[in-house]
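The values are calculated or read from the model by the stated rules, or taken from the named source; none is laboratory data. Remember, predicted model here, so these are calculated numbers, not experimental data. Virtual Cβ from ideal backbone geometry, glycine too; neighbours counted across all protein chains shown. Areas reflect the complete protein model, heavy atoms only, side chains present, ligands, DNA and RNA absent. Shrake-Rupley method; radii C 1.70, N 1.55, O 1.52, S 1.80 Å.
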Amino acid sequence: PPAAETGADTRGPAFGPHFAPRAKHVIYLHMVGGPSQMDLFDYKPAMADKFDTDLPDSIRMGQRLTTMTSGQARFPIAPSKYQFAQHGECGMWVSEMLPNTARMVDDLCFIRSMHTEAINHEPAISYIQTGNMVTGRPCLGSWASYGLGSENEDLPTFVVLVARPSNTEQIQAISARLWSSGYLPGEHAGVSFRTAGDPILYINNPDGVPESVRRTTLDGLKALNEHAYDRLGDPEIATRIQQYELAFRMQASVPELTDLSTESAATLDLYGPDALKPGSFANTTLLARRMVERGVRFVQIYHNNWDHHGNLAGRMPDQCRDVDRPCWGLIQDLKSRGLLDETLVIWGGEFGRTIYCQGGLTRENYGRDHHPRCFTMWMAGGGSRPGTIYGETDDFSYNIVKDPVHIRDFHATVLKLLGFDHERFTFRYQGLDQRLTSVEPARVIPELIA
């Protein structure tokens, strides 16, 4: 019925879970560019004796390369220059660049056998976010919004934050296509919060415009939109009405959300020295905790500059300093507030990196090309199984030798934690029951679930 008849918020009803969700919220930390798994989590000591030797043809097996290295005369092996050690009861190997992550390995669920078909950034990021290499489909956050609905009518269900890395040597382009709702109703699109200035443009009324005038203006717009809805029945008109009303309510809720003055010194210390620096990764993760605490269903954080084609030794330490302490602080903060059990935290990129070097190679520095055949991600909380190390790669971190996990399998597992059977979680569009995992085989990985 038209909003005028109901007098209520025009958000459509949620699809509703198939079974009790383990995770009620998601914080997805996407490292844009593709972190080097063999420099962070996929320890390969056998490579130390193979410095500058050629990658064997028996390992590559004619697999596809990017045009950035396909013309190289050689594919010389670049062992990681970083030291590794085992940590926790699970014995996970972690690089020296992630000392705080190493402290919490028993809280994390590591997947070392992720793989994808996408070999370049745009299709790869689209694939892991939307389940398709072609943009225009709903992303995981939009599916979560559609499936579970809102827990706070004064804040968006799905929020996107783009953190600014301290090193900006090579920034990948990302756009709102990654957090669009695709063919789902527009109300399920991500709402991007800015990392400088007002978090939402025009969140404040212009000078000389009191709240009563803004309310009268919105009432007039609402009446016009309801008239159009009565004539046309277009659900996007209902979405527009709802978004105007949400924006009005956010004038009160967003300033309270982003006011960090109420956070204790001990909490700020968890996230590190950049916790109060607007736009930093530490600041966005702290905001993410505040959002899920207030009922935001899905928070997506993008952190750029992980595309290490060259100067990995000069850039990777900056990247790790940006994210290591805040990731640890986020998990500890969620645990201390009783939120980790119901909040799924995801960390990872869109693909991995090659063991062979791109460009100049020394023992102290090297570059790595895109590698879709294997990469590492981790999860925490939300029903994921802590202290798990799942999947293995060969000595070259080039091919998976045990327990592969395709992106579709990962999506199916995340949806399971959110309470959905991925094969029945659908939306009718263009005559098809569309779903995040599409029509190709996908399976839930029970070993990743607590």
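The lone criterion from (1) open to solvent by 10 Å² or more (accessible area, probe 1.4 Å); (2) within 20 Å of G310 (Cα to Cα) left unmet by F84 is number (2).
Looking at (1) farther than 21 Å from D307 by Cα; (2) exposed (fewer than 15 other Cβ atoms within 10 Å of the Cβ); (3) of a type in the set (K, R), find the lone condition where R64 falls short. The one condition R64 does not meet is (1). Answer yes or no as to whether H411 is farther than 30 Å from K335 by Cβ and outside any loop (DSSP other than H, G, I, E, B). Here the answer is no, as H411 does not meet what is asked.
Of the residues making up segment 264-317, those that are in contact (Cβ under 8 Å) with a residue 60 or more places away in the chain, of a type in the set (A, V, I, L, M, F, W, C), in a helix (DSSP H, G or I) and open to solvent by less than 30 Å² (accessible area, probe 1.4 Å) are F281, L287, A288, M291, V292, L312, A313, M316.
If you filter segment 362-397 down to residues that are more than 27 Å from the chain's Cα centre (by Cα) and more than 18 Å from A46 (Cβ to Cβ), you find that the one that is least open to solvent (accessible area, probe 1.4 Å) is N365.
Mind telling me which of the residues G391, G387 ends up being modelled with pLDDT of 95 or more, touching a helix residue (DSSP H, G or I) at 6+ places or on another chain (Cβ under 6 Å) and at positive phi? After ruling out the rest, the residue left standing is G387. State yes or no: is D369 over 26 Å from R408 (Cα atoms), at pLDDT 95 or above, of a type in the set (D, E) and touching a Phe, Trp or Tyr at 6+ places or on another chain (Cβ under 9 Å)? When the stated conditions are applied, D369 does not pass them. Counting only residues that are of a type outside the set (D, E) and part of a loop (DSSP other than H, G, I, E, B), how many does segment 427-441 have? Qualifying residue count, segment 427-441: 8.
All told, L148 meets the bar of being surrounded by 23 or more Cβ atoms within 10 Å (Cβ to Cβ), of a type in the set (A, V, I, L, M), modelled with pLDDT of 95 or more and out of contact with any strand residue (DSSP E or B) (no Cβ under 8 Å at 6 or more places or on another chain). Inspection of segment 120-127 identifies at least one residue that is under 21 Å from P35 (Cα atoms), part of a loop (DSSP other than H, G, I, E, B) and open to solvent by 40 Å² or more (accessible area, probe 1.4 Å). Of the set (1) of a type in the set (S, T, Y); (2) buried (at least 21 other Cβ atoms within 10 Å of the Cβ); (3) over 15 Å from V191 (Cβ atoms), all apply to T135 but (2). Beta carbons closer than 6 Å, at least 6 apart along the sequence or on distinct chains, pair a first residue in segment 84-95 that is at negative phi with a second that is surrounded by fewer than 16 Cβ atoms within 10 Å (Cβ to Cβ) and assigned to a strand (DSSP E or B) for W93/Q86. Against the condition surrounded by fewer than 24 Cβ atoms within 10 Å (Cβ to Cβ) and over 23 Å from the mean Cα position of the chain (by Cα), how does E440 come out, does it pass? Considered against the rule, which asks whether it is surrounded by fewer than 24 Cβ atoms within 10 Å (Cβ to Cβ) and over 23 Å from the mean Cα position of the chain (by Cα), E440 comes out as no.
Looking at segment 1-112, the helices (runs of 4 or more DSSP H) lying wholly inside it that each contain 3 or more residues that are at pLDDT below 95 sit at 3-6. I'd like the residue in segment 110-153 that is in contact with a Lys or Arg (Cβ under 8 Å, 6 or more places away or on another chain) and hydrophobic (A, V, I, L, M, F, W, C) and, out of all such residues, is nearest to Q300 (Cα to Cα). Result: A144.
Of all residues being over 19 Å from A102 (Cβ atoms) and in contact with a strand residue (DSSP E or B) (Cβ under 9 Å, 6 or more places away or on another chain) in segment 326-345, which is most open to solvent (accessible area, probe 1.4 Å)? Just the residue, please. Once the filter is applied, the top-ranked residue is E342.
Set side by side, the residues R194, R177 differ, and just one is open to solvent by 60 Å² or more (accessible area, probe 1.4 Å) and at pLDDT 90 or above, which is R177.
Please name all residue pairs, on different chains or six or more residues apart, with Cβ atoms under 8 Å, provided the first residue is in segment 425-437 and is within 9 Å of W143 (Cβ to Cβ) and the second residue is of a type in the set (D, E) and in a strand (DSSP E or B). That search, which allows pairs on different chains as well, returns F427/D433. With respect to being assigned to a loop (DSSP other than H, G, I, E, B), farther than 26 Å from M61 by Cα and under 16 Å from the mean Cα position of the chain (by Cα), W347 falls outside the description.
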